[in-house]
Amino acid sequence: MAPSRNSPIKDQYGEYLKNIFRLQQVSSPVSTTALAESMKVSPSTVTDALKKLSQKGLINYTPYHGITLTTEGERQAVKAIRRHRIVERFLTDMLGFEWHEAHQEALLFENHLSEEVERRLFVALNRPKVCPHGYPIPSKVQDVMVEEVTLYSLEPGDRAEVLSVKDDEPELLQFMASMGIKPGVRVKVVTKDPFK
């Protein structure tokens with residue numbers, strides 16, 4: 001049974017959908033192991049959630065064969081990603097949070113906003129195109145992901161423009177900010193050193 005178009009997805013299920021969507025961009029079907037690592041939970045916790053998401057018609061899941069989003073699951077994932085990125089912009093642009101704090105803070109209350117509050121936040125923020133980390137704020141599925149190359153895959157002497165920075169590693173965000181590396185900044189790779 002698929003949820004109605006306007007029914008909210010429980011907080012943790014929205015996180016599963018967002019992570020499945022993101023992982024599916026790299027490799028489809030998504031393995032339960034990859035999802036568990038991404039969510040920082042045990043494989044058994046993932047399996048329980050997947051059964052519920054499958055029953056709701058949001059994913060296709062066969063044990064040991066991976067996970068794919070259904071059309072409705074993809075729609076709900078994009079909706080959750082959009083809301084998350086708008087809330088991150090609100091936190092940084094209006095409340096003065098640092099970009100390395102925005103992701104975790106957004107997770108705490110993004111699912112408690114009505115669609116009307118989300119819409120008004122978007123308008124109040126001047127309809128931003130990207131989140132503080134440089135990822136697009138989608139209006140539809142095709143707007144969510146962009147083709148990317150990691151900075152670490154570049155060689156010394158290469159130049160690039162930073163499009164986005166992973167938002168789930170606060171220490172990395174602080175390090176990048178201390179070096180002035182943010183979306184929109186042009187960089188030249190001088191040397192490659194591991195982070196941490």
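Looking across Leu17, Leu35, Leu53, Leu95, one residue alone is of a type in the set (A, V, I, L, M), under 20 Å from Ile137 (Cβ atoms) and free of Cβ contacts under 8 Å to residues at least 60 places away in the same chain. It is Leu95. Restricting attention to segment 40-65, the residues that are part of a strand (DSSP E or B) and at pLDDT below 90 total 1. Quick one: is Glu110 among the acidic types (Asp, Glu) and within 30 Å of Ser178 (Cα to Cα)? Spelling it out, Glu110 is indeed among the acidic types (Asp, Glu) and within 30 Å of Ser178 (Cα to Cα).
The values are calculated or read from the model by the stated rules, or taken from the named source; none is laboratory data. None of these values were measured; they are calculated from a predicted model. Neighbour counts are summed over all protein chains in view; Cβ atoms, including those assigned to glycine, are modelled from backbone coordinates with ideal geometry.
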